[in-house]
């Protein structure tokens with residue numbers, strides 16, 4: 001279908017603000033521009049029962065509780081931004097919606113950013129936060145037996161890799177929510193060709209993000225810890241919800257990763273939002289962003305509250 005009119009407004013807004021950036025100023029200008037763009041996009045903050053900053057073994061996190069009830073399930077979430085831009089504070093509105101929609105404690109991770117802190121620093125911070133969450137879930141009002149991970153774009157990449165690490169380390173994740181995730185370092189897919197320019201995230205921009213994250217090629221972008229599509233075996237990782245957007249260079253790799261999960265026996269739901277572009281969930285005023293957040297909330301409730309729903313009444 002054509003680009004949705006609501007999505008086109010955002011794409012046109014971004015196109016109007018794009019400027020040529022000197023290489024030595026690109027990081028700062030991109031971060032500042034993203035912050036200003038989010039401020040222009042607006043969006044209301046949902047109230048939650050409690051929100052607080054915590055230290056997860058040296059990694060700053062923001063913890064959101066939807067209610068005072070003890071023993072709630074927990075979602076550890078990683079914001080997007082190509083491993084280069086974005087903060088947990090900028091992800092605040094979505095974290096609040098996810099907490100309420102899933103009736104789960106949300107731990108939003110403020111991981112270090114490239115290029116100052118290239119791979120594996122962002123991933124190590126995320127994995128540290130996952131381990132900390134399992135160890136400290138009870139004091140957060142959560143249940144360490146019902147934990148999920150999730151993220152959008154680069155955050156989806158970090159969630160997918162953390163799910164692989166959790167499998168290998170014996171941490172029982174209930175679900176991984178991958179929202180238009182970066183799954184591979186292959187820039188030759190059909191969706192990269194079709195959506196190379198003009199649809200929010202552009203191919204050259206994604207290549208620059210990879211360059212920053214891999215420290216200008218010092219780390220192999222085909223490493224499965226960078227490109228989870230390159231993992232030999234996905235058997236035994238957490239069940240997945242994979243969200244993709246039609247007008248997104250990352251569409252095909254997200255859908256290919258979902259197919260790999262299915263082929264390796266992992267229960268997986270893949271949903272493409274036609275007419276949408278990369279990052280659409282960030283703009284919570286979009287109708288399809290609300291649909292996607294509702295789908296994510298339902299999937300988290302089904303995965304995280306299943307045991308509680310099946311438990312006999314006392």
Original post:
How high is the FRET efficiency between residue 117 and residue 18 when r is their beta carbon distance and R₀ equals 41 Å, given to the nearest 0.05?
Top reply: 0.95
**OP:** Return one number: the angle in degrees, 0 to 90 and rounded to the nearest 10, between the long axis of the Cα atoms of helix 5-17 and the longest principal axis of the Cα atoms of the chain.
**Re:** 60
Subject >> Label point distance in nm, residue 32-residue 44, each placed 7 Å from Cα along Cα→Cβ >> reply: 3.3
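In deg cm²/dmol, rounded to 500, what helix-only [θ] at 222 nm does the chain give when every DSSP H run of at least 4 residues adds -39500 (n - 2.57) and the total is split over its residues? Don't skip to the end; give the middle numbers.
Working: 10 runs with 124 residues, N = 314.
It lands at -12500 deg cm²/dmol.
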Original post:
Using a ≥ b ≥ c from the Cα gyration tensor of the stretch 236-298 (square roots of the eigenvalues), is it rounded, prolate or oblate, where a/c under 1.5 gives rounded and otherwise the larger of a/b and b/c decides, a/b for prolate?
Top reply: oblate
**OP:** Taking 7 Å along the Cα-to-C-beta vector as the label spot, tell me the residue 235-residue 211 distance in nanometres, rounded to one decimal.
**Re:** 4.1
**OP:** With a 10 Å radius around each residue's Cβ, average the other Cβ atoms per peptide and rank 92-100, 245-253, highest first.
**Re:** 245-253, 92-100
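Would you kindly state how much longer the chain becomes between residue 197 and residue 262 on full extension, computed as 0.36 nm times their sequence separation minus their alpha carbon distance, in nm to one decimal? Could you put the intermediate results ahead of the total?
Details: separation 65, 0.36 × 65 = 23.40 nm, distance 3.07 nm.
Separation in residues times 0.36 nm, less the Cα-Cα distance, equals 20.3 nm.
Multiply the residue gap between residue 290 and residue 124 by 0.36 nm, knock off their C-alpha separation, and tell me the result in nm, one decimal place. Could the numbers behind the result be given before it?
Working: separation 166, 0.36 × 166 = 59.76 nm, distance 3.10 nm.
So the chain would gain 56.7 nm between residue 290 and residue 124.
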Original post:
Roughly what angle does helix 121-136 make with the longest principal axis of the chain, taking Cα atoms, 0 to 90 degrees, to the nearest 10?
Top reply: 10
Subject >> Difference of contour (0.36 nm per residue) and Cα-Cα distance, residue 302 to residue 190 >> reply: 37.0 nm
Original post:
Normalised by the number of residues in the chain, what is the relative contact order in percent for Cα pairs under 8 Å and 6+ residues apart?
Top reply: 19
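Is the C-alpha gyration tensor of the chain telling us rounded, prolate or oblate? Criteria: a/c under 1.5 is rounded; beyond that, a/b larger than b/c is prolate, otherwise oblate.
Rounded, since a/c falls under 1.5.
None of the figures in this text is laboratory data; all of them are computed from the coordinates on show. Values in this document were obtained by computation on a predicted structure and should not be read as measured data. Note that we place each Cβ from the backbone using ideal geometry, even for glycine, and neighbour counts take in every protein chain shown.
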